[in-house]
Each structure stands twice: as structure tokens, then as C-alpha cells.
Amino acid sequence: MKKIAIDAADIRILCAVQQHGQISKTKLSELVNLSPTPCWVRFNRLKEAGLIRGYHADIAVTKIADVTKVVVTVSLKGHRKTDFDHFETHIDKMDEIVECIATGGGMDYVLKVVTPSLPAFQNVMEELLSAELGIDRYMTYIATREIKSTQLNLANLMPEP
């Protein structure tokens with residue numbers, strides 16, 4: 001995938017949007033220390049380039065309901081592109097699976113599953129296994145408490161001058 005060239009001002013814009021979500025042109029320009037029009041031009045360029053995928057609220061779900069969070073590692077039997085595509089297409093349709101990353105090494109995927117209960121989680125696993133997705137083996141890890149969940153500090157990605 002082609003990387004998009006950005007500079008320190010662009011990083012400041014992305015950090016401000018990441019922290020504050022949708023904000024006014026004036027507020028954004030104040031936060032990043034640029035005049036409003038050039039700031040807005042940069043913001044729109046970043047948005048059109050696909051760097052801003054959406055705006056989200058960080059909801060404290062555990063204050064609303066008890067949930068079961070489980071990390072699942074999955075290894076597939078086959079390792080052809082079609083095997084991965086079939087698995088990923090199915091995973092994408094399941095609301096309970098809130099995160100899925102492909103990995104190299106011993107396991108093919110790491111999933112984060114959130115359900116209202118352990119029996120509901122078991123239903124998710126039964127659906128995965130009965131969908132004939134080519135799962136060879138999987139391991140589950142019940143989350144007992146969340147230690148850290150943050151957004152990436154984008155400024156740390158910039159090379160040193």
C-alpha cells in the first residue's frame with residue numbers, strides 16, 4: 001500500500017481529530033496552531049486521502065452492562081488466499097467480533113470477542129466452527145480486567161529530524 005506523505009502539521013491535525021472527534025474549523029486551527037483556511041485545506045486533504053476513517057465515541061460499556069471479553073487465537077487448516085478470504089469475510093459479518101488481526105507465526109488470527117455472557121461467547125464459537133471456515137485449532141483467553149486501551153500516539157511515528 002502506498003504511503004501518504006505527511007508532515008508535523010498534518011500529524012498535529014490528525015492528533016487533534018483523534019482526541020476531539022468532529023470539531024469546528026476554528027477550534028481545530030487553534031489546537032494545531034495554523035490559520036483556519038490552510039488548516040482546513042490540510043484537514044480535507046487528509047480526509048480525502050482516507051487517513052480519517054470515521055469519528056467514534058469511546059463508550060464505557062461496562063457501566064451499561066456486564067460483558068465477557070475473550071481473546072481468541074485461530075489457526076486455519078489451509079493457507080491459500082481463498083482460505084483467508086473465506087474466513088475474513090465471515091468474521092466481518094459477526095458483530096460480537098470487535099477486532100481481528102492477521103498474524104504471522106504460530107497462529108493466523110487474533111480475535112477480540114465481546115458478548116453479554118460466557119454462554120453467548122460459546123454460541124459465537126459454535127457458529128464459527130459450524131460455518132466450515134477451515135479452523136484447525138483455536139485457543140481462548142478470558143479477559144479478567146482491562147489494563148490499557150488507548151489510541152496510538154501518532155507523533156511517535158514521525159521520524160526524528
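FYI, it's all coordinate maths here, none of it is from the lab. Model, not experiment: these values are computed from the prediction. Please note: Cβ atoms are built from the backbone with ideal geometry, for glycine as well, and neighbour counts cover all protein chains shown.
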message: Test of understanding: what is the full-extension gain from residue 157 to residue 64, defined as 0.36 nm times their sequence separation minus their Cα-Cα distance?
response: 30.0 nm
field: Which labelled figure in (1) 11.3; (2) 12.6; (3) 8.6 is mean projected area of the Cα convex hull in nm², once derived from the coordinates
entry: (2)
- prompt: Using 7 Å Cα-to-Cβ label points, what is the residue 9/residue 88 separation (nm, one decimal)?
  reply: 3.6
query: Hey, could you pull the Cα Rg and Dmax for the stretch 61-142, both in Å?
result: 12.7, 42
query: What nm distance separates the two modelled labels at residue 140 and residue 37, each placed 7 Å from Cα along Cα→Cβ?
result: 6.0
field: Listed pairs 25/93; 81/112; 27/47 exceeding 27 Å between Cα atoms
entry: 25/93
message: Mean Kyte-Doolittle hydropathy of -0.5 or higher plus an axial Cα length of 15 Å or more: which whole DSSP H helices in the chain meet both?
response: 8-20, 118-130
task: Report Rg (one decimal) and Dmax (nearest whole number) for the stretch 8-57, counting Cα atoms only, units Å.
output: 9.7, 27
- request: Just flag the GluC sites (Glu not before Pro) in the stretch 113-154 sitting in loop per DSSP whose Cβ has no more than 14 other Cβ atoms within 10 Å.
  value: 132, 146
Low-density loop positions, trypsin sites (Lys or Arg not before Pro), the stretch 1-83 - DSSP coil, at most 15 other Cβ in 10 Å: 2, 3, 53, 77, 80
statement: Rounded to the nearest 0.05, FRET efficiency between residue 81 and residue 19 (Cβ-Cβ, R0 30 Å) equals 0.20
